[in-house]
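Structure first, then comments.
Just so it is clear, none of the values below were taken in a lab; they were calculated from the coordinates. Because the structure is a prediction, the values reported are computed rather than measured. Note that each Cβ is placed from the backbone with ideal geometry, even for glycine, and that neighbours are counted across all protein chains shown.
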């Protein structure tokens, strides 16, 4: 080898060689290697070479009883070990195949082996010293100099490999965290893009289409959806009968047969006889058969074509015709007519943004074009807000990157193999943790967890007496709320269809678990659950569900609202538990919508402030004091309620909500503001009364459809600000709920709407107000100062 200033490498395999030799001249330091067994251990010379090409020893080894073994890091002859590249490659492959946990286990094993080698050397040195000092008192042969040298070299090599493995683990963790961040940011970007696209769709519906055209497109979309779904099952014979009918009630019966909501035999006969009887009593509902109706749609489209949306190429029906339709001429003719009609709003339907439900015409029976448009507009506003809420959650620290699974799957191939292995391991571990959590009950945290239910279910106080029943309520509500969170992403490509369906499943199972827990039936397992969805297929929104648990039947309804109801009845004739004094048909539901605020981790009652309490105490939808029958009195073990108003009275603290709150009112977990009349709610001002992570709940009557009368202008302004995201930086909108169907008028004459929290309410100066048609929930971010 020619002389150079570069380091040279060779293998020294003769154990009798007392010093390391180099193949280079004395210029610079030499890098050499030594073979020990099957492993090749790299080393670096730390001492200058002599003119003879031999390193000057720093420590010639153990030459006497008083000599110490080589210090770790400056091994025999001044040689320091380099990490073995093969070890890092083995760790990389192990991580790629088995994930981060396998890497941690291997790193732990390597560290233990290093500690054992160090201990072995220390023990040998102590024994050697004892043998030299007390030669007649010990038995055995001390290590030779070469044995100490060999052990020290092996120790240093193991130390270098462990240090390199730790560096690799740190680097891997950094790359994994970066990948998680990329997934969450990509999900947020996609959600924000979805929100902008929905805004363009909203403008198209508002400016390019008449209400009549929107109504017609919704009817066409519903029929396409129905035929496509029936083509996959046994519903085509029912749709064929339906296509020739002029009795709208009979058509509804056949449609329910086609979607699996009605069986055959006596049930079908009973339903059809009722439909025929209704039609004879009120024939005004007569309408042409469906084939004639869609011929009219085609003619209207030819006369006045529907403007095309600016969001993509022109589209027509995507050939819902199917070879299986050959035996059903009526359905085949419908399908042919539908293929001639524009298919512009399909992206808004159940296969897209889910703001145009496939059954919107049926669910709004009797509603005209303006009502249908108002409902679609409301759904678009809610979906856009949900997209932005979930996008903010995706960008927030600590968001679980495993949630946006489609985005994760798309980006995973771009990650290094070892990062991919870590991700797959975390997915498997998350599934395992979810299974474990299903059987773990933390009795010590039941009280704090129960406080997350706001308002809690009616029999909450009873369930508090039994830890397991209490946990059932908590885990049930947690499942319900998790389903609500997942449903924020409905209609996006951020969540899988399976996750969107799972959102409904979580809500159903949460309601079932709460119902069973309320009756102290937590030991009974649920044998079966059947979810009934809009349109009758898996992609439709859940409307109601039935569950069987032992001898009990639980029916969950109103899933599309904020107040699901669960009716529990006995199927075995034995009745409900004898210690539960209610009829055998027991309806379990929240007093108003299920809304959550953060609990206090120390188990103390949640602090809630009623803003603008008025001249008399109003029910706020909070858990009532057990046994009193007065909904204005709250359970003080759960809620620490303070009422305030600009006009104080006994039991009501003075606070002008247009000014910062006094110190005594700050630090609340939640604010409740009902009918804010005469002042605009300034979130930054009233928000000073809640702690970071707390929530502001505002209810009132706003203009939710253009031209609506009898509304509160102050409530309308806060609604517009919330819809447009005009809030201080430390706040976010959690929920906006509007219901244009709630009529104005005295609460004594108008029934209480199911989605109102508490009530009835009154003005500060006296006099009742109409039921709210809007609820807004705003959260003060946990990071807020």
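Summarising the label geometry, the points placed 7 Å from Cα in the beta-carbon direction at residue 137 and residue 567 lie 9.1 nm from one another. Report note on the peptides 243-250, 152-159, 614-621: ranked by the mean count of other C-beta atoms within 10 Å, highest first, their order is 152-159, 614-621, 243-250. Modelled label positions at residue 720 and residue 656, each set 7 Å beyond Cα in the direction of Cβ, lie 2.6 nm from each other.
Compared with the direct C-alpha span, the chain from residue 781 to residue 146 gains 222.0 nm at full extension, assuming 0.36 nm per residue. If I take R0 = 41 Å and measure r between the Cβ atoms of residue 120 and residue 89 in this structure, what FRET efficiency does the formula 1/(1 + (r/R0)^6) give, to the nearest 0.05? Here the calculated transfer efficiency is 0.90. Using a simple spin-label model with pseudo-atoms 7 Å out from Cα toward Cβ, residue 281 and residue 729 lie 6.4 nm apart.
Which ordering of 726, 607 is given by a fewest-first count of other beta-carbon atoms within 10 Å?
Ranking 726, 607 by Cβ neighbours within 10 Å, fewest first, gives 726, 607.
Between residue 750 and residue 178, the FRET efficiency estimated from the beta carbon spacing at R0 = 60 angstrom works out to 0.60. Maximal additional length on extending the residue 339-residue 101 stretch stands at 80.2 nm, based on 0.36 nm per residue less the C-alpha distance.
Between residue 113 and residue 409, the C-beta separation translates, for a Förster distance of 45 Å, into a calculated FRET efficiency of about 0.70.
Panel order for 143, 201, by other beta carbons found within 10 Å of each beta carbon, from fewest to most: 143, 201.
Legend: ranking of residues 241, 677 from fewest to most surrounding C-beta atoms inside 10 Å; resulting order 677, 241. In a fully extended conformation the segment linking residue 604 and residue 292 would gain 105.7 nm over its present Cα-Cα distance, using 0.36 nm per residue. A compact globular protein would have a Cα radius of gyration near 2.2 N^0.38 Å; the ratio found for the stretch 217-308 is 1.20.
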